[in-house]
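Participant: Take this structure, written in structure tokens, and hold onto it; I'll ask about it next.
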């Protein structure tokens, strides 16, 4: 038994496998191989070669679904070499130890998104390969699990030098093996769950079920970032499919803070997709908050100028997002200003040529299907040493459920501006107050400790931008706990209020709105953003 040395090879990806098998053969190993791998190695000239059925005494069956799942194989892998009882079992049953398990898996993760049938995708779920690798990794003190051609060079070096694979390296390979099989199983579970939930808007519904005690998050690093929020913090970007909903066309490297702002910009644009009444939309984001936003039926340039007007100071170094292909006139307007990032679904050739001269400005083309791509995906955030998981606040509000709670007549322009302001308030850090006029923000108050403070702060922003104005409305992301915000709104000339409602003092708030002749809508839904 000790004179024979076995290495098992069963690989889908046959990159450099002949070279590895050759060095195993030179080192005195007999290679055990499954069907196609056996044929490949035999045709490549490997002579110390056995078919898997020569070891198991049983043919491959069920179109290759069962070939390695046999005690003669797993006994050879899982036996502890210095365990006398294990040695006796091997001798009694004529089993030879297997020192190398070189396996790469069927490419299920790549094939699950291909245009093939569900049953065809199931055939790319590897069973035997995963089992072989797990067995080898468990017994890493005696067996080397090899999951990738990227490991072959190290193995060959030790074989050439007639050295045993170091224990620490075998342990590292075991770690990589269990990491791979975990990700592989997670991809399968996600695929089957997606099929099960295909008629549901909640793509990851299992995350929120009361009886779900564990979740598996299968994500991979896409790229490292220069640093995190601050230079002393390391950071990287990870993604489930290593994909991003946008493409960088030019500009400097994307940072951690850039990605947060980009995410905020894409969240806002989702709520303004499909707008027909006013075709053009633009928003400017700073530190994840919109500092200005506007709709325009005139031009893209007009929408941008109105958005910037809200807060020209904060717009400096901001992130600008558009809902339409960016045109030359708008690009020329942007060019003289310092802009961190520009996002649009596409760019006119002339516009792109103009903007590409701004070497420090990141130019991004985003996917117009962002609403479909991320609908129902979970939001994850670290807290208290753990992870908070919630559904993303991406449900479109049903305006038919909005309720006018005052007896004051509401002009159509007031209603339109209220609905616009409400959409913007959703994306402003709580406590949020948004003033709007003619489809554009007039003042934004974000992140204050009290709602009345946000109202006052937004008023100061509005005065700085426009001076004293009339005919504007107010939106609040949360209910008014007291009537003071309504009294302040009356003092500054607000023509309409929209808020969730739900305060224990709602009746007092409504009474105050009626007293000051201010129409008010309760949405019945809250949009806190912490």
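Where a number appears in this text, it was derived from the coordinates with a stated rule and is not lab data. Everything quoted here is computed from the prediction, not taken from an experiment. In this analysis, Cβ positions are derived from the backbone assuming ideal geometry, glycine residues included, and neighbour counts consider all displayed protein chains.
Participant: How much length would be gained if the chain were fully extended between residue 328 and residue 179, taking 0.36 nm per residue of separation minus their Cα-Cα distance, in nm to one decimal? Show your work: numbers first, answer last.
Facilitator: On the way: separation 149, 0.36 × 149 = 53.64 nm, distance 4.92 nm.
Full extension from residue 328 to residue 179 adds 48.7 nm.
Participant: With both partners inside region 243-372, how many of the DSSP beta bridges are antiparallel, as a percent to the nearest 5? Present the calculation step by step, with values, prior to reporting the outcome.
Facilitator: Numbers: 15 of 23 bridges.
Given both bridge residues lie in region 243-372, the antiparallel proportion sits at roughly 65 percent.
Participant: Can you pull the semi-axes for region 130-198, root of five times each eigenvalue of the Cα gyration tensor, sorted largest first, whole Å?
Facilitator: Numbers: eigenvalues 199, 27, 11 Å².
Equivalent ellipsoid of region 130-198: 32, 12, 8 Å, largest first.
Participant: Ok, one more. Any idea what the relative contact order of region 243-372 is, in percent, if you count C-alpha pairs under 8 Å spaced at least 6 apart?
Facilitator: Values: 262 pairs, mean separation 36.9, N = 130.
Across region 243-372, relative contact order equals 28 percent.
Participant: A further question follows. Taking only Cα atoms, what is the 0 to 90° angle, nearest 10, from helix 128-138's long axis to the longest principal axis of the chain?
Facilitator: 80 degrees
Participant: How compact is region 82-149 by the rule of thumb for globular proteins, expressed as Cα Rg over 2.2 N^0.38 Å? Write down the numbers at each step before the final one.
Facilitator: Working: Rg = 16.6 Å, N = 68, 2.2 N^0.38 = 10.9 Å.
In units of the 2.2 N^0.38 Å rule of thumb, it is 1.52.
Participant: On average, how much area does the Cα convex hull of the chain cover when viewed from any direction, in nm²? Write out the running numbers ahead of the final one.
Facilitator: Numbers: hull surface 126.9 nm².
If I average the Cα hull's projected area over directions, I get 31.7 nm².
Participant: With the contact rule set at Cα under 8 Å and sequence spacing of 6 or more, what percent relative contact order holds for the chain? Could you put the intermediate results ahead of the total?
Facilitator: Values: 1001 pairs, mean separation 45.5, N = 530.
Averaging sequence separation for qualifying contacts and normalising by length gives 9 percent for the chain.
Participant: Report the calculated FRET efficiency for residue 66 and residue 115 (r = Cβ-Cβ distance, R0 = 30 Å), to the nearest 0.05. Could the numbers behind the result be given before it?
Facilitator: Working: r = 29 Å, r/R0 = 0.96.
After rounding to 0.05, the efficiency reads 0.55.
Participant: Starting from the coordinates of the alpha-carbon atoms of region 399-522, obtain the Kirkwood hydrodynamic radius over all distinct pairs and give the value in Å to one decimal. Mind showing how you got there, number by number?
Facilitator: Numbers: mean 1/r = 0.0723 Å⁻¹.
One over the average 1/r among Cα pairs gives 13.8 Å for region 399-522.
Participant: Within the chain, what percent of beta bridges assigned by DSSP are antiparallel, to the nearest 5?
Facilitator: Numbers: 38 of 69 bridges.
Just about 55 percent of them are antiparallel.
Participant: Mind computing the radius of gyration and Dmax over the alpha-carbon atoms of region 305-453? Å is fine for both.
Facilitator: Cα only, region 305-453: 18.7, 56 Å (Rg, Dmax).
Participant: In whole angstrom, note down how far apart the Cα centers of region 48-117 and region 417-489 are.
Facilitator: Result: 67 Å between the Cα centres.
Participant: Now a separate question. Set the Förster radius R0 to 56 Å, insert the Cβ-Cβ distance between residue 470 and residue 387 as r into 1/(1 + (r/R0)^6), and round the FRET efficiency to 0.05.
Facilitator: Values: r = 48 Å, r/R0 = 0.86.
In this case the efficiency is close to 0.70.
Participant: So, one more: How big is region 243-372 by Rg and Dmax over its Cα atoms, in Å?
Facilitator: Over region 243-372's Cα set, Rg and Dmax evaluate to 13.0, 37 Å.
Participant: Oh, and also: Report, to one decimal in Å, the Kirkwood hydrodynamic radius for region 39-87 based on all distinct Cα pairs.
Facilitator: 12.7 Å
Participant: Mind giving me the nanometre distance, one decimal, between the label points for residue 338 and residue 397, set 7 Å out from Cα along Cα→Cβ?
Facilitator: About 3.5 nm, to one decimal.
Participant: Continuing with the same structure: Work the Kirkwood hydrodynamic radius out for region 5-192: mean of 1/r over every pair of different alpha-carbon atoms, inverted, in Å.
Facilitator: 17.0 Å
Participant: Could you work out how far helix 256-270 tilts from the main Cα principal axis of the chain, as a 0 to 90 degree angle to the nearest 10?
Facilitator: 60 degrees
Participant: Rounded to the nearest 5, what % of the DSSP beta bridges within region 333-434 are antiparallel ones? Mind showing how you got there, number by number?
Facilitator: Working: 6 of 10 bridges.
For region 333-434, the DSSP antiparallel bridge percentage is about 60.
Participant: Binning every alpha carbon pair distance of region 26-65 at 10 Å from zero, what are the percents per bin?
Facilitator: Each 10 Å bin holds this share of Cα pairs: 29, 51, 18, 2.
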